[in-house]
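A short write-up of the structure that comes next.
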Amino acid sequence: MAVAQRVNATRMELLKQKKRLAMAKRGHKLLKQKRDELMHRFLELVEETRGLRERVEEKLARGFRSFLLARAEMSKEFMEEALMTGASSNGALRLRTESVMSVWVPRFDYSDRRDIYAYGFAATSAELDTALTIFQEVLPEMIKLAEIEKSLELLAEEIETTRRRVNALERVLIPQIDENIKRISMALDEMERSSRASLMRIKEIIHGEV
């Protein structure tokens with residue numbers, strides 16, 4: 001049961017409480033709409049993540065299989081030399097943010113102009129080419145997956161915060177203001193009845209003296 005605050009039983013206070021109630025109900029409605037939309041966006045991302053994660057895991061499994069075969073076919077020295085030769089700094093990852101229902105989520109822009117086959121082919125395995133090709137293809141999807149999973153984390157935090165605010169309005173503040181309004185109204189009615197009774201007594205006294 002809501003606990004009423006100690007408030008003055010005046011018509012001005014009653015008007016103030018009624019305005020607070022209207023504002024609280026408006027805020028409650030807007031927060032519920034925000035919570036529902038956040039949940040909708042969250043579930044969309046969950047569905048997108050499921051398919052993306054499956055593709056990433058499948059490609060990584062194929063890439064690692066080819067890489068292990070390449071390691072079995074090549075010496076350690078040739079493998080390290082090929083990997084070092086193919087490495088370059090032409091890949092670029094840029095981070096920006098985007099607002100989703102007032103939640104700032106990350107957006108990654110990735111570009112890759114690297115030549116992953118900069119090593120010589122004479123002493124390398126075809127499985128190494130396959131592995132590097134798969135890893136190059138899967139990298140943008142891994143970045144996208146990281147972007148979505150971070151967005152899910154941030155949205156989940158905002159959903160929980162919004163849910164707590166909705167509950168606080170629904171279960172605490174709005175019932176409390178309702179109780180305040182009832183108490184003030186009852187007190188004003190009692191004061192009005194008392195005042196009316198006093199006036200009646202005064203009239204009776206005046207008429208009795210006449």
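The values are calculated or read from the model by the stated rules, or taken from the named source; none is laboratory data. Note that the structure is predicted; figures quoted are calculated from it, not measured. Glycine also receives a Cβ, built like all others from the backbone with ideal geometry; neighbour counts cover every protein chain displayed.
Do the conditions hold for Ala131, that is, is it among the small types (Gly, Ala, Ser), touching a helix residue (DSSP H, G or I) at 6+ places or on another chain (Cβ under 6 Å) and over 25 Å from Arg94 (Cα atoms)? Before the answer, list the steps.
Working: among the small types (Gly, Ala, Ser): yes; touching a helix residue (DSSP H, G or I) at 6+ places or on another chain (Cβ under 6 Å): yes; over 25 Å from Arg94 (Cα atoms): yes.
Against the criterion (among the small types (Gly, Ala, Ser), touching a helix residue (DSSP H, G or I) at 6+ places or on another chain (Cβ under 6 Å) and over 25 Å from Arg94 (Cα atoms)), Ala131 qualifies.
Could you identify the single residue in Ala168, Ala126 that is at pLDDT 95 or above and among the small types (Gly, Ala, Ser)? Even if it seems obvious, please write down each step before you answer.
On the way: Ala126 fails: at pLDDT 95 or above.
The conditions single out Ala168.
Does region 158-184 hold any residues that are surrounded by 15 or more Cβ atoms within 10 Å (Cβ to Cβ) and hydroxyl-bearing (Ser, Thr, Tyr), and which are they?
Correct list: Thr162 only.
Of everything in region 32-86, what is small (Gly, Ala, Ser), surrounded by 12 or more Cβ atoms within 10 Å (Cβ to Cβ) and without any contact (Cβ under 8 Å) to a residue 40 or more places away in the chain? Give them in sequence order. Explain how you work it out, then say what you get.
As a first pass, look at region 32-86 and keep what is small (Gly, Ala, Ser): 51, 61, 63, 66, 70, 72, 75, 82, 86.
The next check asks that each one be surrounded by 12 or more Cβ atoms within 10 Å (Cβ to Cβ); those that pass are 63, 66, 70, 82, 86.
Listed by number, the list is empty, since nothing qualifies.
If you check Leu155, Leu199, which single one turns out to be at pLDDT below 90, more than 30 Å from Glu73 (Cβ to Cβ) and either surrounded by fewer than 15 Cβ atoms within 10 Å (Cβ to Cβ) or touching a strand residue (DSSP E or B) at 6+ places or on another chain (Cβ under 7 Å) (or both)?
Numbers: Leu155 fails: at pLDDT below 90.
Sole residue among the options that is at pLDDT below 90, more than 30 Å from Glu73 (Cβ to Cβ) and either surrounded by fewer than 15 Cβ atoms within 10 Å (Cβ to Cβ) or touching a strand residue (DSSP E or B) at 6+ places or on another chain (Cβ under 7 Å) (or both): Leu199.
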